[in-house]
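The structure appears right after this line, and notes come after that.
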């Protein structure tokens, strides 16, 4: 164990991933998703879950819940309501057409972006599966501030730390895995720590040389990095000059957590 680390609830940020049925964390002592740990040397880690495979050093990102707004498919609700009903007919959510698993949007956000009640973001506490009419009921942590109508347009922003996916050039980075995940191989959800700040080894299998001082960004090649261009999301700064032949390169991470 890193002497600067201490106890992380129980265990270490470098422990193998947990999965459903694991008995490692007992009596509710498992870290909650999004929990952070910061070391004196500036490294920071955040607790995430995933259902995809990833090697140590690979970037993981927030899954896209909805590519475009859902237009004119809300059930009218008054200010003060804590539930919102939305028809998801024809909408591809988390890659599934018109389907949404129970609580998949928990800790994500509903954003009202047009029509009555526009301009607010509401954190989701839970959601049902779609009913026979493809309607989903979302329970909110906070009540609606203003009325919404059938003409209100909605954008879904998925939970940041739940079921993260391989990073790409267009997804918001969440962190860098410090141990491998084999969730996809085992068809299960795994829970582990991802690094967000401080010195880290980050995967570079793109065939691109890097140089110390350049900004690093995630590429379209899932989970890897290259020197940044204007349109890419910066994750940190390269701390060494290295050739494309290396598997990982040192990066001083600075990913919002």
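The values are calculated or read from the model by the stated rules, or taken from the named source; none is laboratory data. Everything numeric in this text was worked out from a predicted model, so none of it was measured. Neighbour counts run over all protein chains shown; Cβ positions are idealised from the backbone, glycine included.
Can you tell me which residues in the stretch 45-74 are over 16 Å from the mean Cα position of the chain (by Cα) and either buried (at least 16 other Cβ atoms within 10 Å of the Cβ) or in the same structural domain as residue 199 (by TED's automatic domain parsing) (or both)? Answer for the stretch 45-74, where residues must be over 16 Å from the mean Cα position of the chain (by Cα) and either buried (at least 16 other Cβ atoms within 10 Å of the Cβ) or in the same structural domain as residue 199 (by TED's automatic domain parsing) (or both): 55, 56, 57, 69, 70, 73, 74. Among the residues of this structure, residue 200 does not count as one that is assigned to a loop (DSSP other than H, G, I, E, B) and farther than 21 Å from residue 104 by Cα.
Among the conditions (1) modelled with pLDDT under 80; (2) under 23 Å from the mean Cα position of the chain (by Cα), the only one that residue 244 does not satisfy is (2). Number of residues in the stretch 52-75 that are at pLDDT 90 or above, within 30 Å of residue 185 (Cβ to Cβ) and in a strand (DSSP E or B): the value is 5. Count of the stretch 32-43 residues, restricted to those that are part of a loop (DSSP other than H, G, I, E, B) and farther than 25 Å from residue 110 by Cα, is 5. Taken as a whole, the condition of being assigned to a loop (DSSP other than H, G, I, E, B) and closer than 18 Å to residue 53 by Cα does not apply to residue 170.
Would you say residue 46 is in a strand (DSSP E or B), modelled with pLDDT under 95 and in contact with a strand residue (DSSP E or B) (Cβ under 9 Å, 6 or more places away or on another chain)? Against the criterion (in a strand (DSSP E or B), modelled with pLDDT under 95 and in contact with a strand residue (DSSP E or B) (Cβ under 9 Å, 6 or more places away or on another chain)), residue 46 does not qualify. Within the stretch 95-105, is even one residue in a strand (DSSP E or B) and either surrounded by fewer than 16 Cβ atoms within 10 Å (Cβ to Cβ) or touching a helix residue (DSSP H, G or I) at 6+ places or on another chain (Cβ under 7 Å) (or both)? Yes, that holds for at least one residue.
As a summary of the residue check, residue 96 satisfies the conditions (1) modelled with pLDDT of 90 or more; (2) more than 30 Å from residue 254 (Cα to Cα) except for the one numbered (1).
Output the number of residues of the stretch 13-32 satisfying the condition of being surrounded by 12 or more Cβ atoms within 10 Å (Cβ to Cβ) and either in contact with a strand residue (DSSP E or B) (Cβ under 6 Å, 6 or more places away or on another chain) or modelled with pLDDT under 85 (or both). So the count comes out to 9.
Looking at the stretch 120-159 only, could you name the residues that are in a loop (DSSP other than H, G, I, E, B), under 30 Å from residue 58 (Cβ atoms) and modelled with pLDDT under 95? Before the answer, list the steps.
As a first pass, look at the stretch 120-159 and keep what is in a loop (DSSP other than H, G, I, E, B): 128-134, 141-147, 149-152, 158-159.
In the following step, the residues that additionally are under 30 Å from residue 58 (Cβ atoms) were identified as 158-159.
Result: 158, single match.
If you go through the stretch 203-225 and keep only what is over 10 Å from residue 169 (Cα atoms) and outside any loop (DSSP other than H, G, I, E, B), you end up with 203, 210, 215, 216. Do we find that residue 178 is touching a strand residue (DSSP E or B) at 6+ places or on another chain (Cβ under 9 Å), surrounded by fewer than 18 Cβ atoms within 10 Å (Cβ to Cβ) and in contact (Cβ under 8 Å) with a residue 60 or more places away in the chain in this structure? Considered against the rule, which asks whether it is touching a strand residue (DSSP E or B) at 6+ places or on another chain (Cβ under 9 Å), surrounded by fewer than 18 Cβ atoms within 10 Å (Cβ to Cβ) and in contact (Cβ under 8 Å) with a residue 60 or more places away in the chain, residue 178 comes out as no.
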